[in-house]
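S.K.: First, the structure itself, so that you have it in front of you.
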Amino acid sequence: MARNAADCIDSRMKDHAEAGAMAATDERTRRAAGHGGRAQNGDPPRYVEIKQSIVGALRSGELKPGDRVPSEAELVSRFGVSRMTANRALRELSNAGVVVRRAGAGSFIAEPRPIGQMIEIRNIADEVRARGRAYRARVIDNIAIRADQRSAALLEVAAGTRLFRSVIVHHEAEFPIQLEERFVLAAAAPDYGAIDFHETTPNEYLTRVAPLERVEHRVRAAMPDSGTRLLLGIDEGEPVLVMTRRTWSRGRLVSHAVLTHPGRSFELSAAFSVDTG
């Protein structure tokens, strides 16, 4: 799965980077007017630099959930910025759910709780928001294709059947928590390729247009390839948890999804009652 996701990274990362660079240029111009810390040409705004420093320390393990992060005064001294800029960085990290700010005590790395329900199918955006975190999606691909031998086998259709293929990275706060690659039967969801998956999720859309009748789950641990590591922001040698999910609607198989999660920060849970009678 990761190998297929990686196929479209190089061609799209360039466009993504160029768009980001243009946005950063506009942002720097505005910040230079005194609204968020001056940035030298080619550098991100200073409040973004502070956020990146804290997030980087968390990803590297230097900071862990519950650890205190530098105070506004410490950030002012370390980065040479105004208190307003330091406050903005901490405020945005707090809004994103990365840190928790406690009056009189300071700011602390929030406790991550990404738990997926293995039996119940839930919308990942709703799961993230239910934990009080900000959700966002990065859409890598959403295109119409003709099924090759592999994708035809996954959806149990003839080669050449019209399908949609989407690749999306789901984020909780600042962190990618799921890489989703999905093949969808176009006949069951003809508008899938036109849907803006920044605004809704494939799960939410498909539940609406192709009500579930049957679901099949398979879960395994795996070592990701370089493309998956890049998209999930994980280090070489770090394992992932891979869930394969197939769904049926109106008597036919309509979706095959591979959901890949960083192994360090994700667990699956299930609860059921046992009939003892």
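S.K.: Scan region 193-208 residue by residue and report those that are modelled with pLDDT of 90 or more and either more than 22 Å from the chain's Cα centre (by Cα) or farther than 19 Å from residue 243 by Cα (or both).
M.R.: 193, 194, 195, 196, 197, 198, 200, 205, 208 - these are the residues of region 193-208 that are modelled with pLDDT of 90 or more and either more than 22 Å from the chain's Cα centre (by Cα) or farther than 19 Å from residue 243 by Cα (or both).
S.K.: Oh, and also: Taking residue 136, is it free of Cβ contacts under 8 Å to residues at least 40 places away in the same chain and at negative phi?
M.R.: no
S.K.: Quick test for you: out of 144, 159, 186, pick the one residue that is touching a helix residue (DSSP H, G or I) at 6+ places or on another chain (Cβ under 8 Å), surrounded by 15 or more Cβ atoms within 10 Å (Cβ to Cβ) and more than 13 Å from residue 232 (Cα to Cα).
M.R.: When all the criteria are applied, what remains is 186.
S.K.: Among the residues in region 215-234, are any closer than 26 Å to residue 55 by Cβ, touching a helix residue (DSSP H, G or I) at 6+ places or on another chain (Cβ under 6 Å), among the hydrophobic types (A, V, I, L, M, F, W, C) and touching a residue at least 12 places away in the same chain (Cβ under 8 Å)?
M.R.: Within region 215-234 (the criterion being closer than 26 Å to residue 55 by Cβ, touching a helix residue (DSSP H, G or I) at 6+ places or on another chain (Cβ under 6 Å), among the hydrophobic types (A, V, I, L, M, F, W, C) and touching a residue at least 12 places away in the same chain (Cβ under 8 Å)), the answer is no, since none of the residues qualifies.
S.K.: Just give me the residues in region 57-83 being surrounded by fewer than 15 Cβ atoms within 10 Å (Cβ to Cβ) and either aliphatic (A, V, I, L, M) or outside any helix (DSSP H, G or I) (or both), in sequence order.
M.R.: Answer for region 57-83, where residues must be surrounded by fewer than 15 Cβ atoms within 10 Å (Cβ to Cβ) and either aliphatic (A, V, I, L, M) or outside any helix (DSSP H, G or I) (or both): 61, 62, 64, 65, 66, 67, 68, 71, 73, 80.
S.K.: Then there is this: Which is at pLDDT below 95, farther than 24 Å from residue 175 by Cα and assigned by TED's automatic domain parsing to the domain that holds residue 147, of 224, 190, 211?
M.R.: 211
The values are calculated or read from the model by the stated rules, or taken from the named source; none is laboratory data. Since we're looking at a predicted model, the values are computed, not measured. Here the Cβ is made from the backbone with ideal geometry for all residues, glycine too, and neighbour counts use every protein chain on show.
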